[in-house]
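Beneath this line is the structure, given in structure tokens, with notes to follow.
The numbers here are math on the coordinates, done by the rules we state, and not lab data. From a predicted model like this one, the values you see are computed outputs, not experimental measurements. With ideal geometry, Cβ positions are generated from the backbone for all residues, glycine too; neighbour counts draw on all protein chains shown.
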Ligand SMILES: [Zn+2]
């Protein structure tokens, strides 16, 4: 049997006003049911207050570390499998194309060979064009006066010397405090 509002007041005695507290005390004096409820509640509260705070079990930290290490190992294994799966998947995707290429070579070797020959021919045409261009350049240079050759060689030597000196200075001529002279 419930006795509102007293039964609910029992659970929240701290927020009662002075009058409500007095009324509750009077009701508890008269009503055995609510008194029994109040006593049971008090017993539970007392046990909760008396209980020791729960300390971590011995070995908790090492178990936690073990679990962390296991989780890491699991993640690593999963990554390894992912990479493997991606590799195999890529190979499976590429396999038909490779097979098709191989099949075309095997089914019509002469055609493929002719195709490559054509490509080689095109390449040799390119090489011939390059050779022709170089021949023209060399001939033009041969037509230049010998004096110009000497002048150009001297110029090239001067520039080379300049560069060599500059590089030598940058590379080796450092004074103890590390600043270039
Ligand atoms: Zn009551």
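Quick one: would you say residue 112 is surrounded by 10 or more Cβ atoms within 10 Å (Cβ to Cβ) and touching a helix residue (DSSP H, G or I) at 6+ places or on another chain (Cβ under 8 Å)? In short, yes. Just one of the listed residues (103, 81) is surrounded by 10 or more Cβ atoms within 10 Å (Cβ to Cβ) and within 31 Å of the chain's Cα centre (by Cα), and it is 81. Of everything in region 20-36, what is exposed (fewer than 15 other Cβ atoms within 10 Å of the Cβ) and either under 60 Å from the mean Cα position of the chain (by Cα) or within 11 Å of the ligand (Cβ to nearest atom) (or both)? Give them in sequence order. Within region 20-36, 26, 29, 30, 32, 33, 35, 36 qualify.
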